[in-house]
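Worksheet for the structure shown next.
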Amino acid sequence: MDELPIDIHYAKLLDWLLDRRKVPSGWHEGIRSVRFKVNESLADLPADNEDILAIVGGQYLDYFGCKKLLSVVGVRDVFGRYKDDRGKKWLDIIAMYEKEDLFLADSAQVLAKQVDVEIPTLRKRQAKLQSSLNDAGRRESDSEKTAAKQEAELFDMCLSLGIQDVSLPLEGQLTRAVQIAAPRAAREVANLAKAELVGE
């Protein structure tokens, strides 16, 4: 029976742990001491190690993060014990977390904060980004329609000037248009001149 899982609402998990004395009532003080030790030990870490930065990453370093960090920074001897001072420091921090199961209370608090604050914030950010993406898609569609309309207008204009190959560069199109339109314009001017002479 002791192995059966039980359902506990995330917001009541910390109270459940306290009511059943799984963690001490003064767990805040214990966690404060752990956090002080964590911050002190973080200052001793190399700043150019990508594996360390991926774990720390400017976020709250909890019990599980400390265990990951220990596996990266610690150096073991042939018997599996940590032989360097840095590894021993983080091993002591993990032991402080595990004393009186302080990590359970800390994890319960972190869980509640993530569900109540961080996840809704991420959802709002996701919705905002999705809205921006949709707007960008609409603007792209409008731009494509405008470009297609302008291309059709250019094609019609070129045809009216007698240009068949609209793939020519703009300068070539204008030169071609002048070459075609100039004789036509000259004929029209000549006809107008003749008409005026006849009229006189």
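The values are calculated or read from the model by the stated rules, or taken from the named source; none is laboratory data. What you are looking at is a predicted structure, and each value in this text was computed from that prediction instead of being measured. Note that we place each Cβ from the backbone using ideal geometry, even for glycine, and neighbour counts take in every protein chain shown. All accessible areas refer to the heavy atoms of the entire protein, side chains included, with ligands and DNA or RNA removed. Shrake-Rupley method; radii C 1.70, N 1.55, O 1.52, S 1.80 Å.
Please express the Cα-Cα pair-distance distribution P(r) of the range 74-143 as a list of whole percents, one per 10 Å bin, running from 0 to the bin with the greatest distance.
Taking all Cα pairs of the range 74-143, the binned fractions are 17, 20, 19, 17, 14, 10, 3 percent.
Would you please classify the overall shape of the range 1-65 from the alpha carbon gyration tensor, given that a ≥ b ≥ c denote the square roots of the eigenvalues, rounded means a/c under 1.5, and beyond that prolate means a/b larger than b/c while oblate covers the rest?
Prolate, because a/c is 1.5 or more and a/b exceeds b/c.
Quick one: among S160, S41, S71, which has the greatest mean-square fluctuation in a GNM of the chain with alpha-carbon springs under 10 angstrom?
S160
Can you compute the helix-only [θ] at 222 nm over the chain? Use -39500 (n - 2.57) per DSSP H run of at least 4 residues, normalise by all residues, nearest 500 deg cm²/dmol. Walk me through the intermediate numbers first.
Details: 8 runs with 139 residues, N = 200.
Taking each H run of at least 4 residues, the total per residue is -23500 deg cm²/dmol.
Under 22 Å Cα-Cα from K89, which lysines qualify once same-chain neighbours fewer than 8 residues away are excluded?
Hits, sequence-local ones excluded: K37, K67, K68, K99.
For the modelled label position 7 Å from the Cα of Q109 along Cα-to-Cβ, which residues of the range 26-52 have backbone nitrogen atoms closer than 12 Å?
It comes to 26-36, nothing else.
Above 14 angstrom, tally the Cα pairs of the range 34-84 and express them as a % of all pairs, no decimals.
When all Cα pairs of the range 34-84 are counted, 54 percent exceed 14 Å.
Over the alpha carbons of the range 1-126, what is the largest minus smallest coordinate on each principal axis, giving the biggest first in Å?
Here the Cα extents, ordered largest to smallest, are 42, 41, 29 Å.
Can you put V72, V189 in order of accessible area, largest first, using a 1.4 Å probe?
Details: V72 60, V189 95 Å².
Ranked list, largest accessible area first: V189, V72.
Distance between the C-alpha centers of the range 100-154 and the range 65-96? Whole Å please.
That distance is 39 Å.
Taking θ = phi - 60°, what integer Hz values does the Karplus form 6.51 cos²θ - 1.76 cosθ + 1.60 yield along the range 9-20, in sequence order, with x for Gly and Pro?
5, 4, 6, 9, 5, 5, 4, 4, 5, 6, 4, 8
Full extension from R187 to F36: what is 0.36 nm times the residue separation minus their Cα-Cα distance, to one decimal in nm?
Difference between extended and current length: 44.8 nm.
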